[in-house]
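These notes are about the structure you will find just below.
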Amino acid sequence: QLVESGGGLVQAGGSLTLSCVASGRTYALAWFRQAPNQEREFVATISWSGITRYYADSVKGRFTISRENAKKTVYLQMNRLKAEDTAVYYCASAARYLGVEIKTAGAYDYWGQGTQVTVSS
């Protein structure tokens with residue numbers, strides 16, 4: 001089970017931090033997002049150790065993914081937000097090493113209910 005929090009309304013240029021508490025095995029944790037009438041897209045992912053992190057090109061340099069294994073929590077710090085970041089953000093977990101599928105939504109085992117992020121321009 002994954003439970004996200006931290007979404008909301010923010011002005012362009014502002015910041016938000018999303019949190020996701022996960023249960024079960026969480027080898028990889030990731031954030032995806034889905035805007036209206038668009039497909040779900042990869043945002044960021046982090047391995048168990050926290051050493052390996054990948055970001056979508058659209059958020060690189062603005063978003064930071066991190067995790068606290070003791071709390072089974074993954075975070076997404078979002079800075080310099082843009083209107084095009086508006087979407088429902090989903091937390092996802094995988095119980096195994098994903099390899100080349102690490103940016104693929106279908107490879108993840110569990111999903112949260114999503115949290116809305118709205119950036120006003």
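The values are calculated or read from the model by the stated rules, or taken from the named source; none is laboratory data. These numbers were taken from a predicted model, which means no experiment stands behind them. So basically every Cβ, Gly included, is an ideal-geometry build from the backbone, and we count neighbours across all protein chains shown. Keep in mind that these areas ignore ligands, DNA and RNA; they rest on the heavy atoms of the full protein, side chains included. Shrake-Rupley method; radii C 1.70, N 1.55, O 1.52, S 1.80 Å.
Tabulated data
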| quantity | calculated |
| --- | --- |
| Unique match (being under 16 Å from residue 68 (Cβ atoms) and at pLDDT 95 or above) among 31, 48 | 31 |
| All positions within segment 12-47 that are open to solvent by 20 Å² or more (accessible area, probe 1.4 Å), of a type in the set (Ser, Thr, Tyr) and assigned to a strand (DSSP E or B) | 17, 19 |
| Where residue 3 falls short, out of the listed (1) touching a helix residue (DSSP H, G or I) at 6+ places or on another chain (Cβ under 9 Å); (2) not in a loop (DSSP other than H, G, I, E, B) | (1) |
| All positions within segment 48-81 that are among the polar types (S, T, N, Q) and part of a strand (DSSP E or B) | 64, 66, 73, 77 |
| Residues satisfying the stated conditions in segment 11-55, i.e. among the aliphatic types (A, V, I, L, M) and in contact (Cβ under 8 Å) with a residue 40 or more places away in the chain | 12, 16, 18, 21, 22, 28, 29, 30, 35, 43 |
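This table checks each residue for (1) in contact with a Gly (Cβ under 8 Å, 6 or more places away or on another chain); (2) in contact (Cβ under 8 Å) with a residue 40 or more places away in the chain; (3) hydrophobic (A, V, I, L, M, F, W, C); (4) open to solvent by 40 Å² or more (accessible area, probe 1.4 Å).
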site	(1), (2), (3), (4)
58	no, no, no, yes
62	no, no, no, no
65	no, no, yes, no
68	no, no, no, yes
77	no, yes, no, yes
87	no, yes, yes, no
94	no, yes, yes, no
103	no, yes, no, yes
106	no, no, no, yes
